[in-house]
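Taken together, the values in this text are just the output of simple stated rules run on the coordinates, not laboratory data. What you see is a predicted model; the values in this text were computed from it and never measured. Note that we place each Cβ from the backbone using ideal geometry, even for glycine, and neighbour counts take in every protein chain shown.
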């Protein structure tokens, strides 16, 4: 008993010849179907090249177009011929010209010999698997597809729409339950001949001629009628990408293919000479009888599909530029934004760096330049601190910075004065942790040495800007983790919020903060606010501060700059 | 895109093609071996001027990748480039004395040559200082890529320009003919690029890199464009619009995914910044034959006389394509 190979060929005829000879060398007869689209000249040359080999035959040619009936017709003709002309054949293996046997043919023969009644054909019902191309799964079997998907996509789509509109549904022939699966199968003589000699075959054929991609469903469905034992898997290693076209193997896949222990792989790049040499000329001698194990290859190709469909979150580049809302992660990692903290605390940045173990920048969006940590002019990825470059595309600047420093959490300061900051982007980014002490911008004003009229103007400006920012951060579209305190609220118990912010960063092992940042001396701040009010400017973002009369006539002794607890 | 825009772009494309046909008279074939081109050959098109020292490595680099025929326009070189090219068995070379600027920086000339010889071929259009890197380029020839693109029904392939520069002054290490320029200019900027969509042509407009960082820190909008689509399965109805930054019909510019995924893309290593650069910059300033009144060269000349170092602490040293892919500058897409 042996295995018969039906080989469907349309290009790379020289490789097909090579593989056919390989099969016959182990005593397997081969029936080759050459696509009718191949020119008569090339066909006859091909036939001639294999003339010397008695085990190779050629069958009636059909025109094979992807997704159309021709491929099934080709497989039928080939199978009929091989069953008729080679009575020793027990299993028929459907393969293509770009398939390559990875293990010695004898191993395949032995493997099938040990499983004489088993049909290896991937076959699953449509409702159970997500294999859909062009949004069609169930409908493959209930609509008509007279137009080519490859050549006439427009008509194909319109005709599908039309049928949906009029609720057209074809009747599935009695007794058939549509199944789909890889078109590369290996069936026993019993099953295959039952399919081919079925008295109802004309009906089935007529039905499947108008099914879409019948080569993935014809044998898969009919095998269910006759097979006594179906192993629903293909012996051919064949991976498909998200558009349903097969992945191609190249020279650099050699080791991967070796370790897969699969019998046959498709599709091989015709010019991958190293693979053909390795597997055809010197197949590994040792007979292993191992079960095929394509897990590793699966992983690689699954990753490729994921990269093509989902991409790397937070990456904007020449071939990935997602539309709004399709970023699948606007930035590539979590980061923290602090507003008002460095105004309220004297040494907030070094303190935060120490307490959280993260990279802490100053005001990245300050008007004069991007204040990178440590006063650097350029940071990771050669990102420049030039304010013009940053403001030219602030979102790209921020996304690049987070991308360039992936693996290390970034913190930076924000303030009402940083008008270049892409505040909507920050607010909509779930990776952003934004903590705001509103009104803290008044502290530097309070401590500055300026004329009061200027201070008043500046305070009014900053308050407007900050209130605009807060509006964004409080909008229902905001997805960032936002915390907002008024300054009055915050200074009542500053350690608690600080602790929870640091805990949420989850960077260092959870532990209590041992050191507190030093708060600016706020004596007289209440009076300062009152003065602003008296001048007609109403500061409200910082909450309510009592007016402490540390006036000129009763000087308190200066308090120590007060430490938080 | 409305009917009207689409119609106007079509008119524009036709106009570029007619212009290219007209400009063919400015070319004189010096050594025309185009009859050797076979139907599935990979072709490379280039315009150059005084690049003799770069040519040996350039030609070999692309021969090894699998380019079958080079079609080159020599814009009046006087350093022996023309003679050198005429000797090569796989090069067809044309000579032109006419204005580089008036041929829209060589685009018209190459549009003509592509119209005439590139139809139905995969065509790579690069300058002599640009070196294509694509996924798996260390193990798979260019043909593997183009076959895969064909099988995936993809007609154009993006390769962003990545400016390479040496550590130290540009003129510190002289470049010898035949040498790999990346031995000298082995550094690049990994993550300071900005991009936006060009609504009219549908391409991405990418800027940034060392040229933006050092030469245009105060006017980044003037920094040169880095987006390129150098590899196209050509059809005689196609036309490059501006260098290889944009091509019409505009569907070819859709080399990026907008729904979160990554399409396959490569990189053009741009080895412009060698010791030859300052001479070139000085000459181009005289000739004023470059884009936007040579504003780029003007900025270079100014900055270079002050502080000719492009290298910084965060520059990245080039290793291989996998490094560029990890950095997010290019992508394997779903090619595995």
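Peptide B:201-208 has a mean of 3 when you count, residue by residue, the C-beta atoms of other protein chains within 10 Å of its C-beta. Apply the a/c threshold of 1.5 to the C-alpha gyration tensor of the stretch A:383-506 and tell me whether it is rounded, prolate or oblate. Because a/c hits 1.5 or more and a/b fails to exceed b/c, the stretch A:383-506 counts as oblate. Per residue, the Cα convex hull of the stretch A:392-458 amounts to 128 Å³. When the helices of the protein assembly as shown are scored as -39500 (n - 2.57) per DSSP H run of n ≥ 4 and the total is divided over every residue, the value at 222 nm lands at -9500 deg cm²/dmol.
P(r) tail for chain B, what percent of Cα pairs lie past 28 Å?
The proportion of pairs with Cα distances above 28 Å equals 39 percent.
Defining a contact as two alpha carbons under 8 Å apart and six or more residues distant in sequence, what relative contact order in percent does the stretch A:335-534 show? Please report the intermediate quantities before stating the final value.
Working: 269 pairs, mean separation 58.1, N = 200.
Contact order relative to length: 29 percent.
When B:79, B:108 are arranged by Cβ crowding within 10 Å, least crowded first, meaning fewest neighbours, the order is B:79, B:108. When the inverse distances between all different Cα atoms of the stretch B:37-99 are averaged and flipped, the Kirkwood radius reads 11.9 angstrom.
In terms of its C-alpha gyration tensor, chain A has a prolate overall shape, because the principal axis ratio a/c (a ≥ b ≥ c, square roots of the eigenvalues) is not below 1.5 and a/b outweighs b/c.
Taking the fewest neighbouring Cβ atoms within 10 Å as the starting point, the ordered list for A:64, B:312 is B:312, A:64. Taking the longest Cα principal axis of chain A as reference, the axis of helix A:495-505 is set at about 20 degrees. Each of A:185, B:335, B:205 has some number of other Cβ atoms within 10 Å of its Cβ, and from fewest to most they run B:205, B:335, A:185. The angle between the Cα long axis of helix A:525-534 and the longest principal axis of the Cα atoms of chain A comes to about 80 degrees, rounded to the nearest 10.
When you restrict to C-alpha pairs under 8 Å that are six or more residues apart and normalise by the size of chain B, the relative contact order lands at 22 percent. Need one word for the stretch A:114-173: rounded, prolate or oblate. Basis is the Cα gyration tensor (sqrt eigenvalues a ≥ b ≥ c); a/c below 1.5 gives rounded, then a/b vs b/c decides. Here the stretch A:114-173 falls in the prolate category.
Provide a whole-number value for the mean count of partner chain Cβ atoms within 10 Å of the Cβ atoms in peptide A:389-397.
Going residue by residue through A:389-397 and averaging, the value is 5.
Cα centroid separation, the stretch B:52-66 to the stretch A:233-279: 32 Å.
Relative to the longest principal axis of the C-alpha atoms of chain A, give the angle of the C-alpha long axis of helix A:40-49, reported between 0 and 90° and rounded to the nearest 10°. Taking Cα atoms only, the helix is inclined about 70 degrees.
Averaged over the residues of A:262-270, the number of partner chain Cβ atoms lying within 10 Å of the residue Cβ comes to 1.
Give the distance, in whole Å, between the Cα centre of the stretch A:175-199 and the Cα centre of the stretch A:318-384. Each part reduced to its Cα centre gives a spacing of 62 Å.
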